[in-house]
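Laboratory data are not the source of any read-out in this text; all were calculated from the coordinates shown. Since this is a predicted model, take the numbers as computed values, not measurements. Quick reminder, even Gly has a Cβ in these numbers, built from the backbone with ideal geometry, and neighbours come from all protein chains shown.
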Amino acid sequence: MPLTKDRYVIRDNPHKVAWERQVRYFLRNLSLTESHRVSATMIYEWATNKTVKEQMEAGEHPSHDLRKINEILRFYFGKAYSTWIAGNKVPNCYRVPKGWRVKRHRPMTLTLWNEYSEGVLDDDGARRA
């Protein structure tokens, strides 16, 4: 059955869809036996293999991408909090509970929700961009 309802005819932001794929892939790789604390900076640096500091020194500002990642993390884990990780202050951190699986939670964007409902979103053949 095609998705014909008005709420499904909304066009998603392609950058948000791409970042949600990366966030879900990052969360899939976390161990289930421990709880974790993640931030948008961690995911950005993991996905791009560049540090935020390097980007800022090069004159690029990744704040737009970090905002999108924070929006996605807020959807999955609720309100962010401030903490210290490895001696560094992290202003927006999200707690991933022990045993939390991203495969059991629906995506935020409708593009990925369609794949999720068909059961093909979190296939083992997923690749990192």
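Remarks
- Residues that are exposed (fewer than 10 other Cβ atoms within 10 Å of the Cβ) and assigned to a loop (DSSP other than H, G, I, E, B), drawn from the range 100-119: 119
- When 99, 59, 78 are checked against the criterion of being small (Gly, Ala, Ser), more than 11 Å from the chain's Cα centre (by Cα) and closer than 28 Å to residue 12 by Cα, 78 stands alone in meeting it.
- Selection from the range 102-122 of residues that are closer than 20 Å to residue 12 by Cβ and in contact (Cβ under 8 Å) with a residue 12 or more places away in the chain: 102, 105, 107, 108, 109, 110, 111, 112, 114, 121, 122
- Some residue of the range 42-59 being farther than 24 Å from residue 111 by Cβ and in contact with a helix residue (DSSP H, G or I) (Cβ under 6 Å, 6 or more places away or on another chain): yes
- In the range 19-47, the qualifying residues are those that are charged (D, E, K, R) and part of a helix (DSSP H, G or I), and the one that is farthest from the chain's Cα centre (by Cα) is 45.
- The range 53-89, subset in a helix (DSSP H, G or I) and β-branched (Val, Ile, Thr), residue surrounded by the most Cβ atoms within 10 Å (Cβ to Cβ): 69
- Candidates 87, 99 - the one that is among the small types (Gly, Ala, Ser) and free of Cβ contacts under 8 Å to residues at least 12 places away in the same chain: 87
- So residue 50, is it closer than 22 Å to residue 14 by Cβ, under 13 Å from the mean Cα position of the chain (by Cα), basic (Lys, Arg) and surrounded by 12 or more Cβ atoms within 10 Å (Cβ to Cβ): no
- For residue 92: the one exception among (1) assigned to a loop (DSSP other than H, G, I, E, B); (2) touching a residue at least 12 places away in the same chain (Cβ under 8 Å); (3) of a type outside the set (Lys, Arg); (4) over 27 Å from residue 11 (Cβ atoms): (1)
- Scanning the range 24-40 for residues that are small (Gly, Ala, Ser), over 17 Å from residue 122 (Cβ atoms) and surrounded by fewer than 18 Cβ atoms within 10 Å (Cβ to Cβ) yields one hit, 35.
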